[in-house]
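First the structure, in the form of structure tokens, and then the observations on it.
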Amino acid sequence: MRKLLLITLTLIAFSCGSNTHTLDKSLNADLITNAVATNYANTINTSDLKTLLYQFASDEFEGRETGEPGQKLAAEYLKTFYIDHKIKSPNNDDNYFQTIPTSNLKPDLNPSENVAAFIKGTEKPDEIVVISAHYDHLGKTNTGIYYGADDDGSGTVAILEIAEAFQKAVDEGNGPKRSILFLHFTGEEKGLLGSKYYSEYPIFPLDKTVTDLNIDMIGRVDDAHINNTNYVYLIGSDKLSKELHFLSEEINEKFTNLNLDYTYNDENDPNRFYYRSDHYNFAKNNIPIIFYFNGTHKDYHKMTDTPDKINYDLLSKRAKLVFYTAWEIANRENRIALTN
């Protein structure tokens, strides 16, 4: 795919929460993402996201608690989606599960599964771009179900739509140069257990993993943005790779025009969200990450986190940002560079 744009960024200052970071030398980014990508990004739509999420955050899956029957049904649902859309497992068979024994979870938990699907790169198949979200939630009690529509049903169905868009590109001869691993983690609510297991027993070598784009809650609006809903929080984009950070900003400016809020990227943020979702198990292994997040809201970790409260237009737009960013990372000439 031809290079459309050469952008040189020099002495750029950007704000991440209360911190100001200045790049002290020029950054050259060859952006190849173009109208071809837009053709596939536009397959990510509100109607499909809504249909998927109403199913995924329904009574049937009983709150998807790690190791429990509802989580097992949710894992089968994800597997069936990938089979139906002809998106392969990373093992080139029908095994989409990375089984995790109780000994790698917690003593009171039944064995559980990460779910993984895979699109092989056309030119650099050994280099892996991971797009991740956790699919577990808090389960149920005698009084009701923790539906987890936003947390993290929103991230889960976003990945399904993103995967479908990439597969359409493959089917039309526009598959990514690098491989894409669509990774659904279990055990996040129990302490990032699924991603911890993956980092210890990776399907593909961690040194071949280019980046992790992690999606955890992108379907709602928090109190800070009631009057300006066109936003998403980004966390961690600059911590290991300024190149990734500037690429992300350039892609957003070109395609989605969301307000990128770096409030929670501040090292002094008391919420410490950087350490609280699955991307962290990649970051601590020196893999550049971006964490996409809408912030907490009154239904966070409550039974009232239901699919009728999701802003599907905003969910679609945020999912498209992840897609465009992944497309660029997967197709650019050089892999994302680590920077201090």
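The values are calculated or read from the model by the stated rules, or taken from the named source; none is laboratory data. Quantities reported herein were computed from a predicted structural model and do not represent experimental measurements. Because the Cβ atoms are built from the backbone with ideal geometry, glycine has one as well, and the counts that use them run over all protein chains shown. SASA here: full protein model, heavy atoms, side chains in, ligands and nucleic acids out. Shrake-Rupley method; radii C 1.70, N 1.55, O 1.52, S 1.80 Å.
Structure notes:
- So residue 149, is it over 28 Å from residue 332 (Cβ atoms) and touching a Lys or Arg at 6+ places or on another chain (Cβ under 8 Å): yes
- Options 239, 284; residue that is of a type outside the set (Phe, Trp, Tyr), in contact with a strand residue (DSSP E or B) (Cβ under 9 Å, 6 or more places away or on another chain) and either within 30 Å of residue 205 (Cβ to Cβ) or open to solvent by less than 20 Å² (accessible area, probe 1.4 Å) (or both): 239
- Within segment 245-268, the set of residues being at pLDDT 95 or above and either more than 30 Å from residue 39 (Cα to Cα) or not in a helix (DSSP H, G or I) (or both) comprises 257, 258, 259, 260, 261, 262, 263, 264, 265, 266.
- Among the residues of segment 204-244, the ones that are assigned to a strand (DSSP E or B) and under 28 Å from residue 124 (Cα atoms) come to 9 in all.
- Residues that are surrounded by 23 or more Cβ atoms within 10 Å (Cβ to Cβ), hydrophobic (A, V, I, L, M, F, W, C) and part of a loop (DSSP other than H, G, I, E, B) within segment 288-311 comprise just one, 310.
- Filter result (assigned to a strand (DSSP E or B) and free of Cβ contacts under 8 Å to residues at least 60 places away in the same chain) within segment 125-149: 125, 141
- Residue match in segment 253-267 (condition: more than 29 Å from residue 128 (Cα to Cα) and among the charged types (D, E, K, R)): no
- A search for C-beta distances below 7 Å between a residue of segment 317-334 that is buried (at least 24 other Cβ atoms within 10 Å of the Cβ) and any residue that is outside any loop (DSSP other than H, G, I, E, B) and among the acidic types (Asp, Glu), counting only pairs 6+ apart in sequence or on different chains, returns 319/161.
- Subset of segment 152-170 [open to solvent by 10 Å² or more (accessible area, probe 1.4 Å) and touching a Lys or Arg at 6+ places or on another chain (Cβ under 8 Å)]: 167
- Any chance residue 56 is without any contact (Cβ under 8 Å) to a residue 60 or more places away in the chain and open to solvent by less than 70 Å² (accessible area, probe 1.4 Å): no
- Members of segment 90-124 that are part of a loop (DSSP other than H, G, I, E, B) and of a type in the set (A, V, I, L, M, F, W, C): 105, 109
- Of all residues making up segment 172-188, the number that are touching a residue at least 12 places away in the same chain (Cβ under 8 Å) and open to solvent by 10 Å² or more (accessible area, probe 1.4 Å): 4
- Restricting segment 65-89 to residues that are open to solvent by 20 Å² or more (accessible area, probe 1.4 Å) and assigned to a loop (DSSP other than H, G, I, E, B), the residue that is farthest from residue 163 (Cα to Cα): 68
- Flag: residue 311 does not match the condition of being in contact with a Lys or Arg (Cβ under 7 Å, 6 or more places away or on another chain) and over 19 Å from residue 225 (Cβ atoms).
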